[in-house]
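The values are calculated or read from the model by the stated rules, or taken from the named source; none is laboratory data. No experiment lies behind these values; they were computed from the predicted model shown. Positions of Cβ are backbone-derived with ideal geometry, glycine not excepted, and every protein chain shown enters the neighbour counts. Note: areas computed on protein heavy atoms with side chains; ligands, DNA, RNA excluded. Shrake-Rupley method; radii C 1.70, N 1.55, O 1.52, S 1.80 Å.
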Amino acid sequence: MHEKPPVRLIACDIDGTLLQKGARNISPEIFQEIDRLEQRGVLFCPASGRQYHSLRQLFAPVADRLPYLCENGAIAYGPGNPGPVLHKTVMDRAPAEELCWEILAVPGCEVLISGANTSYLCPKEDDIEGVIRDFTGNNIQLVPRPEDVPEDIIKVSAYCRFGAAEMEPVLAPRWSQRFRPAVAGARWLDFTLADKGTGLEQLCAALGVALEEVAAFGDNFNDVPMLRRAGRSWLMAGAAAELRAEFPSQCQRVEEVLCKI
């Protein structure tokens, strides 16, 4: 039997994977494992739909030592403060703006437009600014229209007050030939040119790590491309049944697997 190569990179989703049941802070055990793994030459990489700034805040004790796969794989950073951009996948501008307007036209939906490290909002209601600033800790900027975003667009997200699963059949079919739609949380539907799988490939190429040397953790549909590409993959035990059928290696907590790597 072919023996798998040793793990050199841990790619780990955040919301629903490291942060469960409304948790907002990373467990001290994770930081201990990051230290231990680093001593063995294994890098830990947060892999999230979140923004770089938000992820650095979450991982503050070790922030300068980690690579980051952000915005569902659309942009990756190397270690440092700030770390260098290792890759960035930019959405075509005109269709991205059209998608933004379509999201804004749907009742109960808000649009979040992601640049490299700023989230741009065109709020219809006041609560969305608090959701993004207070819960995820993003850098945010309000703009009157999507056309006023002053940089490349790398992700467009629909914040769906009535649930992302309900809005996916409304918004995704028309755009699935142009962008990659993915349910990224109970209320989030993301659209990118990249996904966590293509982002992981580009990150590994930049770091000189083989995909077979990656261990990945996730819990939702936007994690699937990453889980499929990694040499070893674990799904959170509370994930959807169709995901559990595809990924037999499952765990309740990431910590219980990391300590064995």
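Here are the numbers for the structure shown:
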| item | result |
| --- | --- |
| Accessible area of the chain divided out per residue, in Å², using a probe of 1.4 angstrom | 43 |
| Crossing angle, helix 93-104 versus the chain [Cα axis fit, 0-90 degrees, rounded to tens] | 70 |
| Residue range of the chain that is longest and free of GluC sites (Glu not before Pro) which are both DSSP loop and sparsely packed (at most 10 other C-beta within 10 Å) | 126-261 |
| Total formal charge among the other residues, if their Cβ is under 9 angstrom from that of P79, Lys/Arg +1 and Asp/Glu -1 | 0 |
| Two-decimal Rg to Rh for the chain - Kirkwood Rh, Cα set | 0.95 |
| With Cα atoms, 0 to 90° folded angle of helix 196-207 axis to the chain main axis | 50 |
| For segment 59-213: rounded, prolate or oblate by the Cα gyration tensor [a/c cutoff 1.5] | prolate |
| Cα-based shape type of segment 127-169, given that a ≥ b ≥ c are square roots of the gyration tensor eigenvalues and the cut on a/c is 1.5 | oblate |
| Accessible area, probe 1.4 Å, largest first, for residues L99, L104 | L104, L99 |
| Accessible area of segment 1-95 belonging to carbon and sulfur atoms, whole % at 1.4 Å probe | 52 |
| Cα long-axis angle, helix 164-175 against the chain (0 to 90 degrees, to the nearest 10) | 80 |
| For the chain: lysine pairs under 18 Å (alpha-carbon distance), excluding those fewer than 8 apart on one chain | 4 |
